[in-house]
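Colleague: Please see the structure below; I have some questions.
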Number of protein chains: 2
Amino acid sequence: MLLQIDFKSGKPVYLQLVDQIRYAAASGGLRTGEPLPSIRPLAEELRVNRNTVAKAYAELENQGVIETIPGKGCFLKESNSPFTKSARAKILTKEIDEAVVAAHHLQVDRDAFLALVKERLDSFERKVKEKSDND
Amino acid sequence: MLLQIDFKSGKPVYLQLVDQIRYAAASGGLRTGEPLPSIRPLAEELRVNRNTVAKAYAELENQGVIETIPGKGCFLKESNSPFTKSARAKILTKEIDEAVVAAHHLQVDRDAFLALVKERLDSFERKVKEKSDND
DNA sequence: GTGACTGTCCTATGACAATAGGACAGTCGG
DNA sequence: CCGACTGTCCTATTGTCATAGGACAGTCAC
């Protein structure tokens, strides 16, 4: 699991961590019961305060994604239920809407936008395939 | 120009305004010399504080996108260089890629993703139409 | 038991976003 | 001139994010 923090995005660091870990959990990037990186080393690696990572983990536990055992560590919950269809749609809607608003202001019309979306889908699928071929 | 604020995105409101207006300015959505909405009415419409809009406008003037004349208003600068087609595509690609990656993590397949994109496009176009009908 | 690790709790501080509202000066139509 | 508008400046307050560092309790290998 590669965690990537963008300090210039304006989005709070701890929320970036929450989203990335939650997505990884929901898509099998993390396996059930698998331990997450410890707070202090992860904070050092990402160059953020340990309290910031702790806040992200606390939020994840609050959401029922992980289970934390003081003295041992944090683990992906057994009962980690993948997002429902509507929950996934809600998250995706937010992402898509941002792109749609940008397209509107950039005066990119519907057809050009859809063409670009398809192109990016193809590009992404190729990238995924290359990666799986190498594995 | 339809301005869209997402209070839950974590991204500062004034920066959302800056981005959207800059995109619109560079893509012909706003014409050179055209006045921008006045601070107070726009703040009221978006339901944010007038200081927040003022901050966005100040940032835009700082970036050389607009010119503000105290007592008169804010206007799109003459020398505002438009984005090329490829520049716009580059910005949009970034936005779209984020949605594509999210779809992958959420295990939403290509067809479902495209369907959702079209639905959000329709939804947005309705919203734009409603606004122009009211004006 | 000791030491090294784990997560947790606490206070304090600084930076920033956003709010609220008062006050001021410039512009312009009447 | 007057009133309504424009942007600007100011202080104060609230809330959040992130930082820093101290302290504590649980776990585990040795």
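The values are calculated or read from the model by the stated rules, or taken from the named source; none is laboratory data. Keep in mind that this is a model prediction, so the values were computed, not measured. Cβ sites come from the backbone with ideal geometry, for glycine too, and all protein chains shown count toward neighbours. Each accessible area value is taken on the protein alone, full model and side chains, heavy atoms only, with ligands, DNA and RNA left out. Shrake-Rupley method; radii C 1.70, N 1.55, O 1.52, S 1.80 Å.
Colleague: Condition first: away from DNA strand D (no atom under 16 Å from the Cβ) and within 30 Å of B:LYS127 (Cβ to Cβ). Can you find one or more residues in segment A:16-24 that meet it? Reasoning before the result, please.
Modeller: Step one: list which residues in segment A:16-24 are away from DNA strand D (no atom under 16 Å from the Cβ), which gives A:23-24.
Among the residues that remain, those that are also within 30 Å of B:LYS127 (Cβ to Cβ) are: A:23.
The answer is yes, given that some residue of segment A:16-24 is away from DNA strand D (no atom under 16 Å from the Cβ) and within 30 Å of B:LYS127 (Cβ to Cβ).
Colleague: Given (1) more than 7 Å from every other protein chain (Cβ to nearest Cβ); (2) within 22 Å of the chain's Cα centre (by Cα), identify the lone condition not met by B:ALA89.
Modeller: Status for B:ALA89: all satisfied but (1).
Colleague: Given the structure, is B:ARG88 touching a Lys or Arg at 6+ places or on another chain (Cβ under 6 Å) and basic (Lys, Arg)?
Modeller: Working: touching a Lys or Arg at 6+ places or on another chain (Cβ under 6 Å): no; basic (Lys, Arg): yes.
For B:ARG88, the condition - touching a Lys or Arg at 6+ places or on another chain (Cβ under 6 Å) and basic (Lys, Arg) - is not met.
Colleague: Here's another thing I want to ask about it. Scan B:ASP135, B:ASP97 and give me the residue that is more than 13 Å from chain A (Cβ to nearest Cβ) and at pLDDT below 90.
Modeller: Exactly one of B:ASP135, B:ASP97 is more than 13 Å from chain A (Cβ to nearest Cβ) and at pLDDT below 90, namely B:ASP135.
Colleague: Okay, next question. Filter the helices (runs of 4 or more DSSP H) completely within segment B:26-118 down to those with at least 1 residues that are within 16 Å of DNA strand C (Cβ to nearest atom), open to solvent by 30 Å² or more (accessible area, probe 1.4 Å) and more than 18 Å from B:ILE5 (Cα to Cα).
Modeller: Ranges flagged: B:50-62.
Colleague: B:ILE5 is checked against (1) in a helix (DSSP H, G or I); (2) more than 9 Å from every other protein chain (Cβ to nearest Cβ); (3) under 28 Å from A:LYS94 (Cβ atoms) and fails just one. What number does that condition carry?
Modeller: Checking B:ILE5 against (1) in a helix (DSSP H, G or I); (2) more than 9 Å from every other protein chain (Cβ to nearest Cβ); (3) under 28 Å from A:LYS94 (Cβ atoms), the one that fails is (1).
Colleague: Tell me the residue from B:LEU30, B:LEU76, B:LEU106, B:LEU60 that is within 7 Å of chain A (Cβ to nearest Cβ) and in contact with a helix residue (DSSP H, G or I) (Cβ under 7 Å, 6 or more places away or on another chain), please. Don't jump to the end; show me each part of the working.
Modeller: On the way: B:LEU30 fails: within 7 Å of chain A (Cβ to nearest Cβ); B:LEU76 fails: within 7 Å of chain A (Cβ to nearest Cβ); B:LEU60 fails: within 7 Å of chain A (Cβ to nearest Cβ).
That would be B:LEU106, the only listed residue that is within 7 Å of chain A (Cβ to nearest Cβ) and in contact with a helix residue (DSSP H, G or I) (Cβ under 7 Å, 6 or more places away or on another chain).
Colleague: Next question, about the same structure. When you go through (1) open to solvent by 60 Å² or more (accessible area, probe 1.4 Å); (2) in contact with a Leu (Cβ under 8 Å, 6 or more places away or on another chain) one by one for A:GLY10, which number turns out not to apply?
Modeller: (1)
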